[in-house]
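Novice: This is the structure I have questions about; it appears just below.
Where a number appears in this text, it was derived from the coordinates with a stated rule and is not lab data. Values in this document were obtained by computation on a predicted structure and should not be read as measured data. All Cβ positions, even for glycine, are placed from backbone atoms using ideal geometry, and neighbour counts span all protein chains on display.
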Amino acid sequence: MLRSQVARLLAKATVVDNRTVDEFTVEAWHEILHDVDYDDAMTALTDHRRNKPGVWLEPGHIVEGVRVLR
């Protein structure tokens with residue numbers, strides 16, 4: 001996933017949980033998600049929001065969600 005795609009993923013997450021995202025946040029998430037498919041990551045984000053309400057989203061949740069999709 002490109003850094004710009006990570007930024008879009010985080011922007012979507014922000015709409016729900018009002019997290020603060022800056023360039024350091026994007027970089028940290030990109031280090032973990034660089035090899036994850038963007039569309040799969042967006043699906044994993046949606047699934048996380050549906051199935052784990054109130055659980056603060058972390059990049060590992062995305063990786064785990066993508067594994068489930070595959």
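Novice: Using mean Cβ contacts within 10 Å as the protection proxy, how do 6-13, 52-59 order, highest first?
Specialist: 6-13, 52-59
Novice: Now, a different point. Distance from a point 7 Å along Cα→Cβ of THR25 to each backbone N in the range 54-70: keep the residues under 18 Å and list them by number.
Specialist: Residues 54-63 qualify, since their backbone N sits under 18 Å from the label point.
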